[in-house]
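For reference, the structure is listed below as structure tokens.
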There are 2 protein chains.
Amino acid sequence: MENRKQLVERLRAVGLRPTLQRIALGELLFSKGDRHLCAEDLHAEARAALVPVSLATVYNTLNQFKAAGLLREIAIEGDRSYFDTNTSNHYHFFDDEKHELMDIEIGDLTVTGLPEAPEGKVIDRIDVIVRLRDA
Amino acid sequence: MENRKQLVERLRAVGLRPTLQRIALGELLFSKGDRHLCAEDLHAEARAALVPVSLATVYNTLNQFKAAGLLREIAIEGDRSYFDTNTSNHYHFFDDEKHELMDIEIGDLTVTGLPEAPEGKVIDRIDVIVRLRDA
DNA sequence: TTACATGCAAACTGTTTGCAAATAT
DNA sequence: ATATTTGCAAACAGTTTGCATGTAA
């Protein structure tokens, strides 16, 4: 989906120095299609890939990527924060038992009958989480 | 919306002893229409109402009420957990600047084109959060 | 050579828990 | 009388931060 040179450019474009750690984390995040993961997940992947990155740097990097619009945070209640490498408009299934997130293709699902935003506000985006349980 | 006697009955019905603290918190929660609040909010209200309740008990009570179906937890990313006293099917506006939740009447908003749930799963419920920003 | 990034450990925040004292049945 | 609930303080998890060291420009 993205090679190293493109990634370096993308980092520069958002004002982040393309350091070893940011490149390595960026490759883990953006080279395997759309992903949903938390800081611990990414840290474990990095260590498995023999990339020495501290957990603090993983947190900082995720937050910087999020602020730069490279990632989106997904709101699910619970202890951990999840990030989505797909920043385009789409929705999610959430499996509460397996604690797993899956994409729903945007084409499938439509939200209609949206009320007016309150005075002085506009709608920024709409998050939809379809919660699953065992049949 | 609910007087003390009804509340006591409701607590008994879900297997919770109607203690002083649970009744007091229940009245704060269920006597003022639909509310969205976190543990600290409720604790502050209780102290303001001169009800001596510890924060730990507020947390325990919120979790017990949630497990009993008296409350619903709302997923918004961030540090605190929010609870909704309206457990019926409805959606929310979320004002990220003011960190404030508002109900959207269910009649207004419809979600269509829902894809099949994955094998072995069924849809439990659908959460919709309409995120607002300053115009 | 200057500003920014990293790693570590310590700090911090929201939440949960263990245990003795208090309360509901 | 017995089981449950409470409050406190300590434990806990995830996340952030301060500061010295290392790295990019």
Placing a label point 7 Å from Cα toward Cβ, how far apart in nm is B:Thr110 from its equivalents in the other copies, listed shortest first to one decimal? 1.0
Rank these by accessible area, largest first, 1.4 Å probe: A:Val8, B:Val130. A:Val8, B:Val130
With springs only between Cα atoms under 10 Å apart, run a GNM on chain A and tell me which of A:Glu97, A:Glu27, A:Glu45 wobbles the most. A:Glu97
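Can you tell me the equivalent ellipsoid semi-axes for the protein assembly as shown? Use √(5λ) from the Cα gyration tensor, largest first, whole Å.
Output for the protein assembly as shown: semi-axes of 38, 22, 19 Å.
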Per-residue accessible area, 1.4 Å probe, largest first, puts A:Arg17, A:Arg72 in the order A:Arg17, A:Arg72
Copies compared at A:Ala13 - label distances in nm, ascending, label defined 7 Å from Cα in the Cβ direction: 5.7
If all Cα-Cα distances of the stretch A:3-100 are sorted into 10 Å bins from 0 onward, what percent lands in each bin, rounded to whole numbers? 15, 50, 30, 6
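Among the DSSP beta bridges whose two residues both lie in chain A, what percent are antiparallel, rounded to the nearest 5?
Expressed as a percentage, antiparallel bridges in chain A total about 70.
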So what is the relative contact order of chain A, in percent, for Cα pairs below 8 Å that sit 6 or more residues apart? 18
For a quick check of understanding: with a 1.4 angstrom probe and all protein chains in place, what accessible area in square angstrom does B:Ser54 have, to the nearest ten? 60
Sum of -39500 (n - 2.57) over DSSP H runs of 4+, divided by residues of the protein assembly as shown (222 nm, nearest 500): -10000 deg cm²/dmol
So, in nm and shortest first, the distances from B:Ser54 to its counterparts in the other copies, with label points 7 Å along Cα→Cβ, work out as 3.6
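The values are calculated or read from the model by the stated rules, or taken from the named source; none is laboratory data. Keep in mind that this is a model prediction, so the values were computed, not measured. Neighbour counts run over all protein chains shown; Cβ positions are idealised from the backbone, glycine included. The protein model used for the area step is the full one, side chains on, heavy atoms only, and it has no ligands, DNA or RNA in it. Shrake-Rupley method; radii C 1.70, N 1.55, O 1.52, S 1.80 Å.
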